[in-house]
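The values are calculated or read from the model by the stated rules, or taken from the named source; none is laboratory data. All figures in this text were calculated on a predicted structure; none of them were measured in a lab. Cβ placement follows ideal geometry from the backbone for every residue including glycine, while neighbour counts extend to all protein chains displayed. Each accessible area value is taken on the protein alone, full model and side chains, heavy atoms only, with ligands, DNA and RNA left out. Shrake-Rupley method; radii C 1.70, N 1.55, O 1.52, S 1.80 Å.
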Amino acid sequence: MARHGSRRGWYGKVAGAALGVTLLAAGASMWTAQADAVHGPSTRPSSSGARAAVKPVEVTIAHSSDKGPQGVNITIDDGPDPVWTPQVLDVLREYGVKATFCMVGTQAQAHPDLVMKVVAAGHRLCDHSVSHDTTMDTKPEAYQSREILDAERMITKASGGVRPMYYRAPGGAFTPYSRKLAASRGMRPLGWNVDSKDFERPGTDAVVATVQRELPNGPTILFHDAGGDRSETVQALRRLLPWLKGQGHTFGFPVR
């Protein structure tokens, strides 16, 4: 899993939108993180007011597929986006593929209708932090806690109560602390084996060729549905999904 670059232009816009939300929630998030670390996984009220226990998961970074050696995991980062997420969902539905959507908290908060569409279609949710700060691994633990736990709260609320099952650090900027915290909240740290490089918009042919070339590295493939024009991603998925099926692969989810 190679480290991603900073994507500072897009991150700056997301970070600005997230700043107010993060500051308002800071006290509650810090308390929750500290309580989890000392007392074990906490419980939180659901939208109905009931309290449900959170089951911890493994702290190691997941790469494998629950479908075994021939399984592949399609993962979609940085959304939801009102232009591109519906198009990605259409392609996935066309080919009968389920994917894992790694959502930025502010994006989920802004587009709850799309979060609910993702869930209704049978896809899984993943926490991708509040503001997509790719330098999170250099920041204090309190900051990491806010980014992870506030995004978890935003995504869960936007989905109507469905919690994210994974945590993917922006740019792969995991720390031992962030992995332990996410796992204590029932979110398996999630890596990738194949970076499609679609974020760089190298052309659809290049995205397809990268995935085909790098697939022997492992089953978890990284795409994006936000952060700019994702038309190349949509077209690449339209070509790659039937190709992967033709190669004998089945589509699954990352192990938990």
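Close amide H contacts of residue 256 (hydrogens built in the peptide plane, cut-off under 5 Å, sequence separation of 5 or more or a different chain): none are found. Based on the alpha-carbon gyration tensor of the range 189-256 and its eigenvalue square roots a ≥ b ≥ c, which shape applies: rounded if a/c is under 1.5, prolate if not and a/b is larger than b/c, or oblate? In terms of gyration-tensor shape, oblate. Among residues other than residue 71 with Cβ under 15 Å from its Cβ, the summed charge is +4 (Lys and Arg +1, Asp and Glu -1).
Multiplying the residue separation of residue 177 and residue 83 by 0.36 nm and removing their Cα-Cα distance gives an extension gain of 30.4 nm. Quick one: check the C-alpha center-to-center distance for the range 198-256 versus the range 131-152, whole angstrom. Each part reduced to its Cα centre gives a spacing of 27 Å.
In the range 42-169, the DSSP beta bridges split such that about 25 percent are antiparallel, to the nearest 5. 3J(HN,Hα) couplings calculated from phi for the range 132-147 with the Karplus curve 6.51 cos²θ - 1.76 cosθ + 1.60 (θ = phi - 60°) are, in sequence order, 6, 8, 7, 10, 4, 6, 9, 9, x, 4, 4, 5, 4, 4, 4, 4 Hz; Gly and Pro show x. Look at the Cα gyration tensor of the range 114-256: its axes a ≥ b ≥ c give a/c of at least 1.5 with a/b over b/c, and that counts as prolate.
What is the range 119-171 by shape, rounded, prolate or oblate, if you read a ≥ b ≥ c off the alpha carbon gyration tensor as root eigenvalues and call it rounded for a/c under 1.5, prolate for a/b larger than b/c, and oblate otherwise? Prolate, because a/c is 1.5 or more and a/b exceeds b/c.
Against the criterion of solvent-accessible heavy-atom surface with a 1.4 angstrom probe, 139, 180, 98 sort, most first, into 180, 98, 139.
When 147, 200, 141 are compared by accessible surface with a 1.4 Å probe, the order from highest to lowest is 200, 141, 147.
Each residue was assigned an accessible area with a 1.4 Å probe, and for residue 163 the value is about 70 Å². Between residue 205 and residue 70, take the C-beta separation as r, use R0 = 22 Å, and let me know the FRET efficiency to the nearest 0.05. So, using R0 = 22 Å, E works out to roughly 0.30. Accessible-area rank, largest first, for 243, 84: 243, 84, with all protein chains present and a 1.4 angstrom probe.
Average accessible surface for the range 83-199: 30 Å² per residue, computed with a 1.4 Å probe over protein heavy atoms with every protein chain in place. Using a cut-off of 9 Å between beta-carbons, work out the net charge of the residues near residue 139 (Lys and Arg +1, Asp and Glu -1, residue 139 not included). Residues near residue 139 contribute -4 overall. Full extension of the chain between residue 229 and residue 217 gives 1.6 nm of extra length, using 0.36 nm per residue less the Cα-Cα distance.
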